[in-house]
Amino acid sequence: MSAGAATAHPDRRTARRPRGLILAAGAGRRLGRGPKALLVREDGLTLVESVLLALLDGGCRDVTVVTGACSEQVASLLGGCDRVSVAFNPDWSSGMGSSLRRGLQAIGPGPDVMVTPVDRPGICVAEVARLIAAHRPRAITAAGHCDANGSLHRGHPVLFDESWTSQAAAAAHGDVGARDLLEMHRAVVDLVDCSDLDDGADVDVPKDLHRLTVVSSPD
């Protein structure tokens, strides 16, 4: 199914478990609380820890975390797990695009890659597992979330088939990441409705901080 909502099949498994990629390099300037990776949810986990656990427990075989601002502090939270690697982005201040490129370069060609920014407190195990189960070979599979009018919008995580990762890296620029690529190739993007699991909201400015107190759906 293309250019629309894909149907997830919980009993279906991809031949390859994807590798996870968390973009956690930003300084959180608009938020004014330091790097968003270090924000703490109501359950005591930082955002980088909660997103990491969702990706690993949801089915990613390992996870690469791209760091930048306060890199040593963020990396210190991730020690002790052999399924996690850290890739420092020296150009982190140029925007999310450089972090996406850095992360995909660190992972290298071959695997499917599930990408998400770190500022998504609602991402949960069930959402990650649903995307992996729904993924089709040579497609791009993205979480969809309904707005107040019931319209489904593309969000994160996004699962890139290995055939798309080099193009995603090449297209990434500024603060838009792979958005232009996804818009240009809508026909191969499958939206999987995850509205029952997560509202798709991020933490970007001070008025969004209340989202840290809402731990989204169960695993």
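The values are calculated or read from the model by the stated rules, or taken from the named source; none is laboratory data. Only a predicted model underlies this, so the values are computations on that prediction, with no experimental measurement involved. Cβ placement follows ideal geometry from the backbone for every residue including glycine, while neighbour counts extend to all protein chains displayed. Protein only, heavy atoms only, side chains kept; ligands, DNA and RNA dropped before computing areas. Shrake-Rupley method; radii C 1.70, N 1.55, O 1.52, S 1.80 Å.
Computed from point charges on the beta carbon alone (+1 for Lys and Arg, -1 for Asp and Glu), the dipole magnitude for the chain about its Cα centre is near 420 Debye. Once the 1.4 Å probe is applied to the protein heavy atoms, the chain comes out at 45 Å² accessible per residue.
Classify region 154-209: rounded, prolate or oblate, from the alpha-carbon gyration tensor (a ≥ b ≥ c, eigenvalue square roots; a/c under 1.5 rounded; otherwise prolate if a/b is larger than b/c)? The shape class here is oblate. In this structure, Gln167 and Ser93 have a Cβ-Cβ separation that, at R0 = 22 Å, corresponds to a calculated FRET efficiency of about 0.35.
Counting only protein heavy atoms and a probe of 1.4 Å, the accessible surface of the chain is 51% carbon and sulfur. A protection proxy built from the mean count of other Cβ atoms within 10 Å ranks the segments 66-78, 132-144, 17-29, 174-186, most packed first, as 17-29, 132-144, 66-78, 174-186. Taking every DSSP beta bridge that has both ends in region 61-219, the antiparallel portion is near 50%.
Among rounded, prolate and oblate, which fits the chain when a ≥ b ≥ c are the square roots of the eigenvalues of its C-alpha gyration tensor, a/c under 1.5 means rounded, and a/b larger than b/c means prolate? In terms of gyration-tensor shape, rounded.
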